[in-house]
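Just below is one structure, and these are the notes that go with it.
Just so it is clear, none of the values below were taken in a lab; they were calculated from the coordinates. The model shown is predicted, which means the values in this text are computed figures rather than measured ones. Cβ coordinates were reconstructed from backbone atoms using ideal geometry, including for glycine residues, and neighbour counts include every protein chain displayed.
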Amino acid sequence: MNFLIITHVLHAEKDSAYFAYAPYVKEMNLWLQYVDTVTIVAPLLTDKEIRPIDSAYQHDMIDFKKIPAFNLLSLKSSLQTLLVLPIIFFKIVAAMRKADHIHLRCPGNIGLIGCVAQIFFPKKTKTAKYAGNWDPNSKQPLSYRLQKKILSNTFLTKNMNVLVYGDWKQQTKNIKPFFTATYRDSDKEAVVKRTFKDTIRFSFVGSLSPGKRPLLTIQIIEELIKRNYNVQLDVFGDGVKRQELENYIKQHQLEKHVILHGNVTAETVKEVHKTAHFMMLPSKSEGWPKVVAEAMFWGSLPIVTKISCVPYMLDEGNRGILIEPTVESAVAEIEKVLQSEDLYQEKVKKAVEWSRMYTLDTFETEIKSLL
């Protein structure tokens, strides 16, 4: 089987191996176990460094088709897009002609082009992984809405399973609720019990970008400190907001309570989840936030905004803490748990039990059935 991947994810090449964002690559490697050859149509940057959060595809037969990355953020980039769009489209169509199975990664600019191109191949078997928020009522960019409309239109999109996060009502028959996983059944080990006797540890794991709201996370910790809670926040990740966060921490004298660690390996993040009391992620938008499920797996209770399928993951707050994106309301919800260790332990127990149903072993079985 020639398995075709069409994605907007930025790639790098080193020693004849192709690298990209590790959580995405790790998932794709599970698919690649069951295919003979792989074709990847994606942006390939010659000057892109290999980061600790990058990983390599595991397959001996990879044919990489390089396409330009593009965006519509300015007039100049929009004009450049008009020039490269036909090149990208015809490269994708050419790759689809030779493929036995077409796999689209959405949402994204390249994913949108793939959604249009796949219409011309109604007889080929296809899957699409929509890794964003599938909530029909959420406000999203036009390109995201277009991808959702095309993928869920069974007249335009034939012979395709569309994998989405969450179980939404009134969906077409090709929309399949799905999940992602990080750990195997063999990883299940006793969870370290945390108490509130000493420092209460919080973690933030994600990009330091406006969409993840890392500053709000720090401000919530700051307010807890003002209310005399002995708390510490460890921030893992990097991004455009880092300098702003460093300035805020310094100006508000939070150096003893908030530590920015930058990008770290998945193994380091796992060890953090094993000991932290809480994992905070007040995002503006998510699909299936793997870091939430990972934290739950190791007994770190998630504190997350009410977006996408997160309320489902947290059983409306029974296995975590659902917050509104304001300091006062978030702290009020967190305090309810901090003031009752029994409630905390009950939520942690439910979170661990639920998250351990979604392992890589189960995930592999589901993938194999799709191929």
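The figures follow:
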{"quantity": "Between helix 242-251 and the chain: long-axis angle, C-alpha atoms, 0 to 90°, nearest 10", "calculated": "10"}
{"quantity": "Dipole of the range 172-258, positive end: most advanced residue of 204, 181, 232 [Cβ charges, Cα centre]", "calculated": "181"}
{"quantity": "Base-10 log of normalised Debye intensity for the range 189-355 (one unit scatterer per alpha-carbon) at q = 0.09, 0.11, 0.16, 0.20 Å⁻¹", "calculated": "-0.25, -0.38, -0.87, -1.45"}
{"quantity": "FRET E, pair residue 50, residue 345, Förster distance 51 Å, beta-carbon r, rounded to 0.05", "calculated": "0.80"}
{"quantity": "Proxy reagent accessibility, fewest Cβ within 10 Å first, across 7, 195", "calculated": "195, 7"}
{"quantity": "Neighbourhood net charge (14 Å Cβ-Cβ; Lys/Arg +1, Asp/Glu -1) for residue 250", "calculated": "-2"}
{"quantity": "Distance between the range 1-72 and the range 94-118 - C-alpha centres, whole angstrom", "calculated": "14"}
{"quantity": "Convex hull (Cα only) mean projected area of the chain, reported in nm² to one decimal", "calculated": "19.0"}
{"quantity": "Test item: Cα-centred dipole of the range 189-355, Lys/Arg +1 and Asp/Glu -1 on Cβ, debye", "calculated": "80"}
{"quantity": "FRET efficiency estimate (nearest 0.05) - Cβ-Cβ, residue 14 to residue 361, R0 22 angstrom", "calculated": "0.10"}
{"quantity": "Sequence-distant residues sharing a close amide H with residue 54 (under 5 Å, placed H)", "calculated": "22"}
{"quantity": "Other-chain or far-sequence residues with amide H under 5 Å of residue 306's (modelled H)", "calculated": "323"}
{"quantity": "Estimated distance in nm for a label pair at residue 196 and residue 76, the labels positioned 7 Å out from Cα along Cα-to-Cβ", "calculated": "5.3"}
{"quantity": "Cα-projected label distance for residue 119 with residue 284, points at 7 Å along beta-carbon direction, nm", "calculated": "3.0"}
{"quantity": "Neighbour-count ranking [beta-carbon atoms within 10 angstrom, fewest first] of 96, 1", "calculated": "1, 96"}
{"quantity": "Potential lengthening between residue 90 and residue 36 on full extension [0.36 nm per residue; Cα-Cα distance subtracted]", "calculated": "17.0 nm"}
{"quantity": "Among beta bridges that DSSP assigns inside the chain, antiparallel share in %, nearest 5", "calculated": "10"}
{"quantity": "Positive minus negative residues near residue 331 (Lys, Arg vs Asp, Glu; Cβ under 14 Å)", "calculated": "-3"}
{"quantity": "Exposure proxy ranking, count of Cβ atoms within 10 Å, fewest first, for 307, 6, 220, 119", "calculated": "119, 307, 220, 6"}
{"quantity": "Residue 370 paired with residue 155, simple spin-label distance in nm, labels 7 Å along Cα-to-beta-carbon", "calculated": "2.7"}
